[in-house]
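The values are calculated or read from the model by the stated rules, or taken from the named source; none is laboratory data. What you see is a predicted model; the values in this text were computed from it and never measured. As a convention, Cβ positions derive from the backbone with ideal geometry for all residues, glycine included, and neighbour counts pool all protein chains shown. Remember, those area values only see protein heavy atoms, side chains included, never the ligands or the DNA or RNA. Shrake-Rupley method; radii C 1.70, N 1.55, O 1.52, S 1.80 Å.
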Amino acid sequence: MMELFTTAGVIWTAQETGLVSALRSGPRPAAAYAEELGLDRRATQLVLEALVALGVACREGDAFEASPRVKSMRRPEWLGSVPLENVWSHVPVFVRTGQPIARMDGAPAEREASYRGAVSGLAALVAPVARALAAKLPVAPARVLDVGCGAGVWGLSVAERFPGARVTGLDFPAVLEAFTARAASLNLTDRVATLPGDMHAVPLPAGGFDLVVIGNVLRLEQPERARALLARLAAAVAPGGALLVVDALAGGTPERERARALYALGLALRTESARVHDPAAITAWLEEAGLRAVTPIDPGDGDVSPGPIGALLARR
């Protein structure tokens, strides 16, 4: 417990004093960071050494700089000028006021603007999990609908595994640019189509798809809208087909539950009313929509850690 509090204190201090941001412009000696930020030299040296031990910084000789993991952290457009690490610095404000630092679950136009610049980075982050999940699908689908597809990481991973699969990406027009770009980068352009519009309103062909995937989207919906969305997606599943829900459905181990709890907090920090839904509730909604044999799928394996991500596969 002491190590946990010490780690939290070091990370918090590094963020609040500007060390995390300054480390991105390294490598430099501890004295240089102290002078730039108006800090005590000895204390800065000790904090930097602790950051190295925690994997936040790396060191060569007397020079410190951000670790590759920190350097890879982006500033997505949906956060505007707010650095990604500042999301967690907002927790005290959130606890006192309940107000998030960003709102990614607004009206359709706001969602389109928020996700346009974020989806490619998010796809790169979860691509290994998406491929591991696709490898566990029991049946090869020919017609796939990727709902709220973003850059298409879930649907395109299915296409990568099954050469006969064709994927239709459904999302806002501006967001679909990332879907077509990712498909091109994977040499899948001839096997994709786009369906621009709001997933809650765009017409869908009844029974038109062997597999409907909704990945990392349902969490942005309040329960009644999530329930209604699954009902309309279920109608688009062909007889013998399936609906695949991918979301924060962790369970089974303390590590997975911890990942889910931290994700739920992070989601609340950047949305107005989004939430992590109970897997039992999602299962009930799927069954209510006329689907059956709801089966959980763990997308993790020996090489891939899914964090809070899990999946439910429901058949028609």
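Observations on the structure shown:
- Consider region 32-42 and keep the residues that are without any contact (Cβ under 8 Å) to a residue 12 or more places away in the chain and touching a helix residue (DSSP H, G or I) at 6+ places or on another chain (Cβ under 6 Å). The one that is nearest to Ser67 (Cα to Cα) is Ala34.
- Only one of the listed residues (Ala235, Ala242, Ala226) is open to solvent by less than 20 Å² (accessible area, probe 1.4 Å), in contact with a Leu (Cβ under 8 Å, 6 or more places away or on another chain) and without any contact (Cβ under 8 Å) to a residue 60 or more places away in the chain. That residue is Ala226.
- When region 190-226 is filtered for residues that are part of a strand (DSSP E or B) and either among the aliphatic types (A, V, I, L, M) or under 20 Å from the mean Cα position of the chain (by Cα) (or both), the ones remaining, listed by number, are Val192, Ala193, Leu195, Leu211, Val212, Val213, Ile214, Gly215.
- Residue check for Ala248: in contact (Cβ under 8 Å) with a residue 60 or more places away in the chain, under 30 Å from Val95 (Cβ atoms) and buried (at least 21 other Cβ atoms within 10 Å of the Cβ): yes
- Residue check, Ala57 more than 19 Å from Glu3 (Cα to Cα), open to solvent by less than 50 Å² (accessible area, probe 1.4 Å), at pLDDT 95 or above and small (Gly, Ala, Ser): no
- Of all residues making up region 134-189, the number that are of a type in the set (D, E, K, R), in a strand (DSSP E or B) and open to solvent by 10 Å² or more (accessible area, probe 1.4 Å): 3
- Just one of the listed residues (Gly266, Gly241) is closer than 21 Å to Ala130 by Cβ and touching an Asp or Glu at 6+ places or on another chain (Cβ under 9 Å), and it is Gly241.
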